[in-house]
1. If I take every Cα pair under 8 Å that is 6 or more residues apart in chain C, average their sequence separation and divide by the length, what percent do I get for the relative contact order?
2. Would you kindly give the portion of the calculated P(r) for the range C:136-211 that falls above 19 Å, as a percent of all Cα pairs?
3. If you plug each phi of the range C:634-643 into the Karplus form 6.51 cos²θ - 1.76 cosθ + 1.60 with θ = phi - 60°, what whole-Hz ³J(HN,Hα) values come out, in order, with x for Gly and Pro?
4. Have a look at B:Q120, B:Q90, B:Q82 and tell me which one the Gaussian network model of chain B (Cα, springs below 10 Å) gives the largest fluctuation.
5. Based on the Kirkwood radius over alpha-carbon pairs, what value in µm²/s does the Stokes-Einstein equation return for the translational diffusion coefficient of the range B:3-78 at 20 °C and 1.002 mPa s?
6. Between the range A:17-43 and the range C:183-218, how many Å separate their Cα centres?
7. Mind checking the full-extension length gain between C:R605 and C:D169? Use 0.36 nm per residue of separation minus the Cα-Cα distance, one decimal, nm.
8. How many angstrom lie between the Cα centre of the range C:694-764 and the Cα centre of the range B:18-52?
Amino acid sequence: MAIVFIPSQLQKLTGAAQVEIAGNTVREVVEQMEKQFPGIQQRLFEDGQLSPLLQLSVDHVMTRVLSTSVESTTEVHFLPVIGGG
Amino acid sequence: MKTHVTTTINGGSVEFLCQPRQSLLEVLRDELSLTGCKEGCNNGNCGACTVMLDGLPVNSCLVLAVEAEGAVIETVEGIAEQGHLHPLQQCFLEGAALQCGICTPGFLVAAKALLEKNPQPSEQEIRFGLAGNLCRCTGYDKIVRAVQAAAQTPEAQSPGLSKRPGLLSRTTQTEAKSL
Amino acid sequence: MSTEVAPDNTSDTEQPATYKVIGTRPIRHDGADKVTGKAVYTDDLHLPNMVFGAFVRSPHAHARIVSIDTSEAEKMPGVLATCTSADLPDPWDKVDNLGEGCVNYAHLSGNVLARKKALYKGHAVAAVAATSSHLAQEAARHIKVEYEPLPATMSVLDAMQDDAPLLHDDLITHTLGDEPARPSNISSHIQFKKGDIDEGFAAADVVIEREFKTATVHQGYIEPHVSVALWNEDGRLKIWTATQGSFVVRQQMSELLKMPVSQITIVPCEIGGGFGGKISVYEQPVAAVLSRKCGRPVKIMMRRDEVFEATGPTPGSFMRVKLGATKDGKLTAGKAWLAFDAGAFPGGVIGPGAMCVFSCYDLPHATVDGFDVVLNKPKTQAYRAPGSTHVAFATECVIDELAEQLEIDPIEFRLNNAAQEGTRRVDGPVYPRVGLVECLQAIQKSDHWKSPLTGPNRGRGVACGFWFNCGLKSSVAANVNADGTVTLVEGSTDIGGTRTSIAMQLAETLGITAEDVIPQVVDTDSVGFTDVTGGSRTTFATGLAAYEAALDIQRQMVEQAAQIWECSPDDITVANGVYQGNGRSLSFKELAVQADKVGKPIVGRGAVDPQGSTNAFAVNLVDVEVDPETGKVTILRYTACQDAGKAIHPSYVEGQIQGGSVQGIGWALNEEYFYDDQGHMRNASFLDYRIPTCYDLPMIDTIIVEVPNPDHPYGVRGVGEVPIVPPPPAIANAIYRATGVRFRELPMSPPTVWNAIKGQNTGE
């Protein structure tokens, strides 16, 4: 279970800014989310992986690791990738 | 068609052949392997190629190599002697006055020229004297402080003792000093 | 005094740790080489039989390439090979994450050598190799390219119009939601929403909305892009280059040339500055192809005008920012509309720009819209905290204006609203422990803030800045030598003293001196994968790898000690580099000497991929004087405060702060790409693109605040990028107090300032 913060441009699909989704990892959460809101996964994933244009924030930790485990209070955010100088 | 040029570089007599279109920078780097002077802009704006030519700092990218006939040239390679760093070099190291280091040779040559002309420059005189050298990493603060520190060394203050011995060793406990 | 480490700012739960090496200022390991001219930068290499490459570049800002004829050049004596995009494999539309942002290889290949169209003046179209650099330049002039010029679009707002000339016929705006049917120059639209801005603005007593523009600026490293490539007869490719990330160059070369990474070796030479601009490849694939064609090593070094016209810059921008606050000084809502120019290919820095626009403040309600827009300028790249400097200029100027209208001290107003642990950012995540409040308080306590500024035409300004900093992958290997020293092999190219800051962490962990560590930056065949030196990550992440390697060494040393002392490893204790057990005691060095004689070699490894950002905040305070006769702004006094987490080598932390601040000062006051109506850059030299000289500046005072990063054993946060963020708004706010004019366009160069003052005086 995790609290997924839906990117504003995808909220049309979910009707809500935050949704609670079952799953033990980020990947499971996204797959479960796809069952509830068909079409959302293809906006976030490419070839089964996180879109290269995106990164995750799992609670406050920026990551691209889909196997990151989540608990009922974990927040999952989808953010643009960051380049550094 | 190449021209024969005779010069004195870092105290030694050096002869070379060059094309009339070659800059002194190009000959120093490519023909004589003195790669300490750097090319940053090749049009006299950045100072990375600064060398001493007959006692004056010049942008070697703006000097034609053929113009060096008979000249006395000093490059960054000639600043330290026999394993002894010049006070400026030592103060640059102790004061962390370099980051990427590409501009450092030009700054050292320009600063040495400045101190030879004006052994006790004010901060503004240092800033004016080094304004032809660009550094993109340091914000100049530590460069200016290093030149100030070098001017305060006993070696800089007593002519004839221009080299400082035994300074190549590093020490861990270079205590945080209020520069 | 230039540094004041604020010890009372360490975290509440931890006592300040005492270290033997960390926090001291040893001389950098590569220092003697760099002050004597011995350090080897790429252009210092002269390989046997080496030849030289030169580019042919588009004279047009936008043109179809009708034909390229290299035959005349190829007939010239001394010319050995030519190269066009036809010599590069057909790229495919693959987007890859380079650790530091992502790249589309079709775009990258098209940027390296133009395919059907030249998309900016200076876009590389062909290249030639010859026996001397002069000959190569001459030969380049004999490559005939026929162009069909096309209308160019040069400003971000123009490029967004429906009738703007299209750069890419197939560019569909990427959004997470519905994508438009028609192509445009808008390559992506990013949006964040938090709360309900209507409700937020309704609750405000004061609402201010302003528009801002910033010019295209360049990273301005002093060393031009330069590479030497050797494509061997066995099919192996070796490239010596000036890069922030040798492994990322290898990855790009592998994709662009369609060859396995194992066939490519990248040797990182000493690098003369990068600041984000030496991550993408430019001349490397071209040098490689030329070397393949002529069978000799090929060196390509860009001229300075090529560096300005065809590499780097970071976007120009148009921004609209609206903020509301209550009478008692609480921000209620924010709205930002941001359009950044990406240059000729998508993938600018709008993502982090959009994420950073309100990142310093606790805003209950906000929306952010960000647009990445292609136009006929060189493809933009990261530049130190990419995107954050732009948006800080907008937000921090509006914040200053709000504080003024509310008659609240500008630092108090910021403290009232500062982001801190638990603050939810507008883009969603909640901050862990961060140090903005501590930085603001340190500025409040500074001698600078407490000293009144007097005199005509003078003003004082303050501003905040934020940058994420990142982790990413780093590898090191550490070999214990027979004399008790440790050779540290690492993959992070050292741009500003990181060999030493990494070695110091290894030394601290092992209980030896920094001088007992011999750090080496090695090629891609000689160390594990390591991401770029960028993202303020090197001292943090590669330092973490060095820490792990040290613990690995320590474990092995304990085993060796147990063998020597004939006891169980469990009976051995280690403290401050002293190993004790079975009634005996040896220092690290003594034990290493003995271990060398009896046991197996001791080799430590460290491989890390720390997740997360380390969240750096900075606050700047500046006094300026404006000359009403010329509009020239003089910086009288500058104080930059930053949370470093833990300053490993304080001198180099100060150096990062000072250098970043001065780049920000240049961005604020002078630096800009001037384009004429043909889309030609008219100031592509260091004479006319004026970066600050030392005569333009005072000393830059630094205050290092240390709020340790809980995710690093020594608390390191990373320091390199955030210093560039606050200077433009801090200076704009200071100029306002000196002149009464609010500047909302960068740079605030003398003509701009003079015109505005004159306009104010004549009521225009």
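All of the numbers you see were taken from the coordinates with simple rules; none came from a lab. Everything numeric here is computed off the predicted structure, so don't read it as measured data. For neighbour counting, all protein chains shown are included, and Cβ atoms are generated from backbone atoms with ideal geometry for every residue, glycine included.
1. Numbers: 1996 pairs, mean separation 121.1, N = 764.
The value is 16 percent.
2. 64
3. Running phi through 6.51 cos²θ - 1.76 cosθ + 1.60 with θ = phi - 60° gives 10, 7, 8, 8, 9, 10, 10, 10, 8, 8 Hz.
4. Highest fluctuation of the listed residues: B:Q82.
5. Diffusion coefficient, whole number: 180 µm²/s.
6. 29
7. Full-extension gain reported as 152.0 nm.
8. 36
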